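Read through the structure below, which is laid out as structure tokens, and then see the notes.
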Amino acid sequence: MLHVSTRGEAPALGFSDALLAGLARDGGLYLPKHWPTLSPETIRGFSGMSYADVAKAVLAPLVDGDIPEADLHRMIDEAYAGFRHPATCPLVQLDDNLFVLELFHGPTLAFKDVAMQLLGRLMDYVLRTRGTRATIVGATSGDTGSAAVEAFKGLDQVDVFILYPHGRVSDVQRRQMTTVASPNVHALAIEGTFDDCQSMVKGMFNHERFRDALHLSGVNSINWARIAAQVVYYFTAAVALGAPDRRVSFSVPTGNFGDILAGWVAKRMGLPIERLMIATNANDILARTLETGSYEIKGVKPTDSPSMDIQISSNFERLLFEAYDRDAGAVRAAMAGLSQSKSFTLQDQPLARIRAEFSATAVDEAGVAAEMAESYRATGYVLDPHSAVGTSAGRALLQSRPETPVIALSTAHPAKFPEAVERATGLRPPLPPHMADLMTRDETFTVLPHDQKTVETFIRDRARAAAGVAA
Ligand SMILES: Cc1ncc(COP(=O)(O)O)c(C=O)c1O
Ligand SMILES: N[C@@H](CCOP(=O)(O)O)C(=O)O
């Protein structure tokens, strides 16, 4: 299976090449050339299967033989063996027809582990097979970075540079990135926002000489393999509630649009999903876009769900590509508008296509706190602020469609955001035992300005030193 760029001007690549490429060379994002489908019988058969076995079945047509089956299966088994819950991603009932899909039982307590534990193994495997090294760059609002550090620490084939917004991630998130004493891991605190970090990472990929010299690779959800791995839990959750013989909807706390895009892919692969709810915090660009048809960047507001304090929602580009019937020219025009005037307007037909499958709700800070408080009061269930955005928007969806079960994705463990949880519920969630000493470990990080050249120079010097090349 080849993968094509949303901007139509980069070479089509197989799975392993797309995995290493990260961003396409034309600045676009890779997607499979065709969507494989799973039959209702196959989906029905997932009932009672382990998470890892469902992952093997869902990922097989996406990887499409590009990695030998036995190796892929081994890596999938290893990736999920380390999760702290026997179901890997368990489903919990919160209310009548409202369910929570817990995605935070991996090593760093956020949903990013589900994809990153596999991605780390896949990248290491492909690099070893080819006998090459890579420099991984990633932008994080807190969770991708910690999951990547955990997945890639100590690997010989890669140096990892994680850019995070200085002072805008939680203490737990920062410490997960800065206390891993591994020489191949570098935490860079950038004086700017997550969007600044993300645009610098994309700038590095678009800087051909830098990209080629360092064998740059990416771990953000611009990397198609990240999305592919996230498709799996939509299947396991929906099947647990009776799919394919019963339709379900999903409410997904959304920032960079990767997680919810994975839900859309599951639907394209044959999972009967009724609605996909884009649940945003006060950074409501996607909710405004669905309402008005105009994608307009405004300033980022810091919230209690900092991982979703995002305006430039990378994976929306993949949805645009599909909504425009894979017209790469239309995507290029929209993205040019975005970089020139910080906005673009969707045409009527693509907008109608998006509205036919997606709903959107923005939950403000008071709404998030009220949702955490009420959920705890009524059921004893402790939500983190990101997950509360999802359940709150899920309740809104249930009001209009009470008969269809809603699965809200719980994307982080409450202990990652103890202050916000304590303010709302009075309860301070403790870190799990494997992280009990996190707050007393020594930290190592470098503060750098929001300046492309300075950051590239830092990364180049460190990566060359690590590879034993004179700087
Ligand atoms: C805890 C948490 N929830 C939700 C999101 C939003 O996910 P996505 O960026 O895939 O939309 C993120 C990161 O973006 C996150 O870290
Ligand atoms: N919330 C994310 C932001 C980056 O998203 P990604 O899914 O594109 O890696 C984070 O925690 O870093």
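List of remarks:
- Qualifying residues in region 212-225 (those that are buried (at least 20 other Cβ atoms within 10 Å of the Cβ) and within 24 Å of Gly131 (Cβ to Cβ)) - the one farthest from ligand 2 (Cβ to nearest atom): Leu214
- Count of region 353-393 residues, restricted to those that are surrounded by fewer than 22 Cβ atoms within 10 Å (Cβ to Cβ) and among the acidic types (Asp, Glu), is 4.
- Residue pairs meeting the criteria (Cβ under 7 Å; at least 6 apart or on separate chains; first aliphatic (A, V, I, L, M), in region 4-15; second part of a helix (DSSP H, G or I)): Leu13/Ala21
- Scanning region 145-153 for any residue that is within 18 Å of Thr444 (Cα to Cα) and surrounded by fewer than 24 Cβ atoms within 10 Å (Cβ to Cβ) turns up at least one such residue.
- Condition check for Leu72: closer than 30 Å to Glu208 by Cα and of a type in the set (A, V, I, L, M, F, W, C): no
- Of residues in region 95-139 being within 12 Å of ligand 1 (Cβ to nearest atom), in a loop (DSSP other than H, G, I, E, B) and in contact with a Leu (Cβ under 7 Å, 6 or more places away or on another chain), the one nearest to Ser313 (Cα to Cα): Phe111
- Screening Val447 on (1) assigned to a helix (DSSP H, G or I); (2) of a type in the set (Val, Ile, Thr); (3) exposed (fewer than 15 other Cβ atoms within 10 Å of the Cβ) shows it passes everything except condition (1).
- Within region 32-59, the residues that satisfy the criterion of being surrounded by 16 or more Cβ atoms within 10 Å (Cβ to Cβ) and in contact with a His (Cβ under 8 Å, 6 or more places away or on another chain) are Pro32, Lys56.
- Note on region 339-352: residues that are in a helix (DSSP H, G or I) and either buried (at least 16 other Cβ atoms within 10 Å of the Cβ) or in contact with a Phe, Trp or Tyr (Cβ under 8 Å, 6 or more places away or on another chain) (or both) total 2.
- Leu62 vs. criteria surrounded by fewer than 23 Cβ atoms within 10 Å (Cβ to Cβ), of a type outside the set (D, E, K, R) and either closer than 16 Å to Gln230 by Cβ or in contact with a Cys (Cβ under 9 Å, 6 or more places away or on another chain) (or both): yes
- Scanning region 154-173 for residues that are more than 12 Å from ligand 1 (Cβ to nearest atom) and surrounded by 22 or more Cβ atoms within 10 Å (Cβ to Cβ) gives Val158, Asp159, Val160, Phe161, Ile162, Leu163, Pro165.
- Summed over region 258-282, the residues that are in a loop (DSSP other than H, G, I, E, B) and surrounded by fewer than 24 Cβ atoms within 10 Å (Cβ to Cβ) give a count of 4.
- Residue check for Ala408: crowded, with 16+ Cβ neighbours inside 10 Å, touching a residue at least 24 places away in the same chain (Cβ under 8 Å) and either outside any helix (DSSP H, G or I) or out of contact with any Asp or Glu (no Cβ under 8 Å at 6 or more places or on another chain) (or both): yes
- If the condition is being touching a Phe, Trp or Tyr at 6+ places or on another chain (Cβ under 6 Å) and of a type outside the set (D, E, K, R), then region 63-93 contributes Val63, Tyr80, Thr88, Cys89, Leu91, Gln93.
- Screening Glu403 on (1) away from ligand 1 (no atom under 16 Å from the Cβ); (2) closer than 26 Å to Pro107 by Cα shows it passes everything except condition (2).
Read-outs: derived from the displayed coordinates by stated rules, not from any lab. Computed from a predicted structure; not experimentally measured. FYI the Cβ positions are ideal-geometry reconstructions off the backbone, even for glycines, and counts take in every protein chain you see.
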